[in-house]
Amino acid sequence: MLRRKIKSLIGLDVGTHSIKAVELTRDGYNFVMTGYGQAEVVSEDERPDAILHVLRESVFHTKRVVTAVYGKSVIVRYLSMMRMPDEDLRNAIRFEADKYIPFDVEEVVMDCQSFPEETGGDLGENEMRVLLVAVKRALIDDHVSLLNGLGLQPTMIDVDSFAVGNAFEVVQGTNLEDQDPDRAIALLDIGANKTNINIFRGGTSRFTREVYLAGDDFTHAISKRLGHDLETAERLKRDPGDDFEQVMEAVSPALDDLANEVHLSFDYFENQFDREVEEVYLSGGGARLSGLDQTLERILNRSTSLWDPTEGIEINESSVDAEAVRENACQLAVAIGLASRVQEL
Ligand SMILES: Nc1ncnc2c1ncn2[C@@H]1O[C@H](COP(=O)(O)OP(=O)(O)OP(=O)(O)O)[C@@H](O)[C@H]1O
Ligand SMILES: [Mg+2]
C-alpha cells in the first residue's frame, strides 16, 4: 500500500526571554501542531541548555528545524531598482548591495526578491520594488553550529519579522487574498527586548523594522516608578490585580516611546507607498500586558487588536499540551511562522 509521506518541521524561536519550539506537520492543506515546548532563558550562557530542555521535555517527531536570525547583523531593505528579469537582478544586486549594507559584502549571505506587480508610490515608471536581505555569515554559522551541536538538522534560516508575517498568512489564509490588495496592516510582535514592526500590503510584507523597546522595558518602568525590585515588578506586570491603574501609569512613558517609534515607521511607509496603515495586530509576550491593545489603539489612532497565531491550527493533544499552547498562544507567532515552512519541504 502506498503511504503518504508525512512531513514535519520544528520552528525554533530563540528569543532573549524564552525559547519556543513548535512542530507543525502537514496534513493535506492543513497544519497540525504535533509538538510544542517553551522555557524561559535565565542567562545567555544557559541558552543551549534551555533549548535542549525544551526539546527533551516535549515530544517531537523530527530533527529538522528552522530557526530565525535577528538583530543588527541582519539587514532588510526594500529598494527601488530598474525592472529586469530575476537572473539579471541577482547579478545587479551585488553591485548595488554595498550602498545599503554597512558590512563588507564578502562577510554576508545575501538574498533578494522582486515585486514586479507593484507600481505607484515612489516607484518610477520603469522601476520595481526589490527586497534585499543580508545576514552576516558569522551569525548564520553560529546558529548552525549551535543547532548541529544539539543534534538538530538546521533546514532553513529565516528572519524573525518575516516569520511573524508567515504565521499571520497561515491564520488569515484566503482572507488575505480576498481583501483589497492595497489594504495595509501592521503586525507588531512585542517580545522582551525588541518589537518587530512588519507592514503588510497585498498579503506581502513591505516594510520591516526592529525597535529595541518591549516587555522588559515595561518591567523596568514599573520597577523604577513604583520602587519594586525587578522580580516583583515582573509579577505585578503579569498580574496587576488592584494595582492595574498604577501599573498602566508606570508603563505609560514606555508605551509612548514605543508608539512614537511605530508612528515613525508608519509615516515612512505611508509616504513611500501613499497608503495608510489601517489596522494593527499585536503578538509577542510583551503584548500580554493587560490593557495594552486599548492603550496602543488610542495612541496610534488605528484599530488595534491581539491576534492568535494558533487559530485554525489543529492540535494533536496526544503529543501537545493544548492548554499551555492556548495560554501562551500570542508568544508563538515566530515559532509557528518558522514551522509553517514545512510546506516548502
Ligand atoms: N502575562 C504577561 N503579561 C505581561 N507581560 C508578559 C506576560 N507573560 C510574558 N510577558 C512578557 O513577555 C516578554 C517575553 O515575550 P516573548 O517570549 O515574546 O519574548 P522573546 O521572544 O523571548 O524576546 P525577544 O523577541 O525580544 O528576543 C517578557 O518581557 C515578559 O515579561
Ligand atoms: Mg521574540
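Quick notes
- Where both bridge residues fall in the chain, DSSP classifies roughly 70% of the beta bridges as antiparallel.
- For a modelled paramagnetic label at E125, 7 Å from Cα along Cα-to-Cβ, the residues of the range 73-97 in reach, with backbone nitrogen under 20 Å, are 80-85.
- The charge dipole of the chain, taken about its Cα centre with unit charges on the Cβ atoms of Lys, Arg (+1), Asp and Glu (-1) only, comes to about 1040 debye.
- Cα-based shape type of the range 1-135, given that a ≥ b ≥ c are square roots of the gyration tensor eigenvalues and the cut on a/c is 1.5: oblate
- Relative to the current alpha-carbon distance between D141 and Y29, full extension at 0.36 nm per residue lengthens the span by 37.0 nm.
- Rg/Rh for the chain stands at 0.97; both radii use Cα atoms, and Rh follows the Kirkwood definition.
- If you wrap the range 249-339 in the convex hull of its Cα atoms and look at it from every side, the mean projected area works out to 7.4 nm².
- Extension gain for F95-L52 works out to 11.3 nm (0.36 nm per residue, less the C-alpha to C-alpha distance).
- Ordering of 212-223, 50-61, 139-150, 90-101 by packing is 212-223, 50-61, 139-150, 90-101, highest average first (other Cβ atoms within 10 Å, averaged per residue).
- Where a label projected 7 Å from the Cα of D243 along Cα→Cβ would reach, residues of the range 271-286 with amide N under 19 Å: 286
- Reachable lysines from K224, criterion Cα separation under 24 angstrom, eight or more residues apart if same chain: K194, K237
- Relative contact order, whole percent, for the chain stands at 22, derived from Cα pairs under 8 Å and 6 or more residues apart.
- The stretch between T204 and R326 holds 41.2 nm of extra length on full extension. This uses 0.36 nm per residue minus the Cα-Cα distance.
- Estimated Rh, the range 1-60: Kirkwood, alpha-carbon pairs, angstrom: 12.5 Å
- Kirkwood Rh in Å, taken over all unlike Cα pairs in the range 74-137: 12.1 Å
- Of interest is the spacing of the C-alpha centroids, which for the range 274-309 and the range 100-162 amounts to 27 Å.
- Once C-alpha pairs closer than 8 Å and six or more residues apart are averaged by separation and normalised to the residue number of the range 74-137, the relative contact order reads 53 percent.
- Positive-end residue of L146, L213, V22, charge dipole of the chain with Cβ unit charges: L146
Just so you know, all these numbers are worked out from the coordinates, no wet-lab data involved. Keep in mind the model is a prediction, meaning the values are calculated, not measured. Glycine also receives a Cβ, built like all others from the backbone with ideal geometry; neighbour counts cover every protein chain displayed.
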